[in-house]
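Below is one structure; the comments refer to it alone.
The values are calculated or read from the model by the stated rules, or taken from the named source; none is laboratory data. Quantities reported herein were computed from a predicted structural model and do not represent experimental measurements. For neighbour counting, all protein chains shown are included, and Cβ atoms are generated from backbone atoms with ideal geometry for every residue, glycine included. Please note that ligands, DNA and RNA were not included when accessible areas were found on the heavy atoms of the full protein model with its side chains. Shrake-Rupley method; radii C 1.70, N 1.55, O 1.52, S 1.80 Å.
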Amino acid sequence: MRFLIDRCAGRRLAEWLRERGHDAVESREYGADPGDLTLLHWAFAEERILVTMDKDFGALVYRKGGQHRGLVRLPDVPARERIVLMEQILDRHGHDLAAGAVVTVRGSRIRVSLPSSLPPES
């Protein structure tokens with residue numbers, strides 16, 4: 001899978017994804033922080049799943065109709081815990097994420113919102 005890792009989600013997560021064979025780019029590689037909307041545009045244009053800890057992306061996607069190829073919102077926990085959560089997401093919901101789902105982690109709960117264009121699973 002292809003990922004764009006927001007600065008807040010961390011370098012260690014990006015490195016972990018690369019070690020597992022994913023194409024992971026960190027937003028910091030593009031220079032100064034461009035802002036949330038630009039980051040969302042970059043991820044969409046490059047067909048990358050955006051990984052962030054920033055709550056603002058939910059509003060950009062749901063209220064403002066921001067286009068995306070998938071979004072993961074992780075909680076503000078230490079990097080080691082974010083990696084464990086990301087591993088769970090990929091194991092359990094990788095197919096949905098690859099199809100453009102929005103995955104939000106709150107505490108121990110993982111919520112998956114499928115794109116409306118996907119047929120329901122049987």
Original post:
For Arg82, all conditions in the list (1) at pLDDT 95 or above; (2) surrounded by 13 or more Cβ atoms within 10 Å (Cβ to Cβ) hold save one; what is the number of the exception?
Top reply: (1)
Original post:
Which residues, counting only those in segment 1-42, are among the basic types (Lys, Arg) and farther than 20 Å from Asp76 by Cα?
Top reply: Arg2, Arg18, Arg20
Subject >> Any chance Leu71 is surrounded by 16 or more Cβ atoms within 10 Å (Cβ to Cβ) and either more than 23 Å from Ser108 (Cα to Cα) or modelled with pLDDT of 95 or more (or both) >> reply: no
Subject >> Among the candidates Val77, Val61, residue that is more than 10 Å from the chain's Cα centre (by Cα) and either among the aromatic types (Phe, Trp, Tyr) or over 21 Å from Ser113 (Cα atoms) (or both) >> reply: Val77
Original post:
Is there a residue in segment 5-13 that is closer than 19 Å to Ala101 by Cβ and of a type in the set (Lys, Arg)?
Top reply: no
Original post:
Checking Ile89 against (1) modelled with pLDDT of 95 or more; (2) open to solvent by 40 Å² or more (accessible area, probe 1.4 Å), which single condition isn't satisfied?
Top reply: (2)
Original post:
Tally time: how many residues in segment 23-58 are out of contact with any Leu (no Cβ under 7 Å at 6 or more places or on another chain), open to solvent by 40 Å² or more (accessible area, probe 1.4 Å) and free of Cβ contacts under 8 Å to residues at least 40 places away in the same chain?
Top reply: 13
